[in-house]
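The values are calculated or read from the model by the stated rules, or taken from the named source; none is laboratory data. Note that the structure is a prediction, hence the values are computed from the model and not measured. Note: ideal-geometry Cβ built from the backbone for every residue, glycine included; neighbour counts use all protein chains shown. The protein model used for the area step is the full one, side chains on, heavy atoms only, and it has no ligands, DNA or RNA in it. Shrake-Rupley method; radii C 1.70, N 1.55, O 1.52, S 1.80 Å.
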Amino acid sequence: MGEGVRGGFRRSLEGPCFVIDAPDGAALAMFDRSERPDGWEGPPMQPRHLPVEFLDAEQIDFVEHPPPALSPQERDEVDRLWVETKAHNPTAFDGPLVMSLGIEPPGPGPSVVRWARMTYRHRALRKLRPAEEVPGSVFVTVLLPTEAGLAVGRGSSTTAAPGHWSLPGGSAEPPAAGHPMDMASLRRDAARELVEELGISVAAEELRQWGLTRGSRFGSLGFHFLGPPVPSELVRRRHADLTAWETKRGDVPELDKISFVPSAEQAACLGSGADYLQQVLGQYFST
């Protein structure tokens, strides 16, 4: 049964727990929940209205381009919004990002991802430009199987998505000068995120390319990798150790809670999640 609630608190689409959205609130939200179908109400979504679509990721070339030019007014507004974000979250870091400028449709050869080097503050362009003129994010996730289900985590208060459940992962970082942006560098990003968020160390070469999604609003690209099976108890222990170590340092862990889900429906019952989560889990558990 479909259910919609004004204000973006919850959307239950084809089951009692299918949550795809949460309130906007603070300026911090400009780095979060960007591909949601704003204002949706009514019957279950049709495929063209889903938050993400799956693309063929078999052959991909990455081509770097200069970042899009900003007008003086846009630069001022981006800086102002970043100051607001820092006020809400003093730990926010204007680090380097890979931003997508689009992916060329598949032809006789590989698909081509056009990308640019930008920083976190430039995600504020989502508030300043029409969606089709905004660079999309490039991010990685890891589907980490255990005997209890896939590992998922809830973003802590200092993250860009506080209280939201997602697969372990994060934004792709630009390669060093002279090094290529390719699937190998994305695997390294994904392996690094596993260590930073769960304390689980997996060699990048053990991560298998599993899927590629594109957000329906800004065209953000998600590269999803499948990790080797690990015991759920090991994940719990490593995350607990990581949390204790970061707390002792005076830091807040990226994931304040973890869980294991044996189905997409069970993940939905945890609460609000990343825009891609239900579709990716649905695809994983159906194959």
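For this structure, a couple of remarks:
- Residues located in segment 220-238, provided they are open to solvent by less than 20 Å² (accessible area, probe 1.4 Å) and of a type outside the set (A, V, I, L, M): Ser220, Gly222, Phe223, His224, Phe225, Gly227, Ser232
- Residues (more than 14 Å from Pro145 (Cα to Cα), open to solvent by 20 Å² or more (accessible area, probe 1.4 Å) and touching a residue at least 24 places away in the same chain (Cβ under 8 Å)) located in segment 200-217: Gln209, Arg214, Ser216, Arg217
- Total residues in segment 65-106, condition open to solvent by 80 Å² or more (accessible area, probe 1.4 Å), over 24 Å from Ala161 (Cβ atoms) and not polar (S, T, N, Q): 6
- Residue in segment 242-258 that is open to solvent by less than 60 Å² (accessible area, probe 1.4 Å), without any contact (Cβ under 8 Å) to a residue 60 or more places away in the chain, touching a Gly at 6+ places or on another chain (Cβ under 8 Å) and in a helix (DSSP H, G or I) present: yes
- Looking across segment 107-140 at every residue that is in a helix (DSSP H, G or I) and over 18 Å from Pro174 (Cβ atoms), the one that is least open to solvent (accessible area, probe 1.4 Å) is identified as Ala124.
- Selection of first residues in segment 151-178 that are closer than 19 Å to Gln266 by Cβ and open to solvent by 20 Å² or more (accessible area, probe 1.4 Å) and of second residues that are modelled with pLDDT of 90 or more and hydrophobic (A, V, I, L, M, F, W, C), restricted to Cβ pairs under 7 Å at least 6 apart or on distinct chains, gives the following pairs, ordered by first then second residue: Arg154/Trp165; Arg154/Leu255; Ser166/Val152; Ser166/Ala274; Ser166/Leu277.
- Picking from residues in segment 181-199 that are buried (at least 16 other Cβ atoms within 10 Å of the Cβ) and more than 18 Å from the chain's Cα centre (by Cα), the one that is farthest from Ser137 (Cα to Cα) is Gly199.
- Search result, residues across segment 271-287 that are part of a loop (DSSP other than H, G, I, E, B) and under 19 Å from Glu147 (Cβ atoms): Thr287
- Total residues in segment 196-238, condition at negative phi and touching an Asp or Glu at 6+ places or on another chain (Cβ under 8 Å): 15
- Of all residues assigned to segment 270-281, at least one qualifies as being among the acidic types (Asp, Glu), touching a strand residue (DSSP E or B) at 6+ places or on another chain (Cβ under 9 Å) and buried (at least 22 other Cβ atoms within 10 Å of the Cβ).
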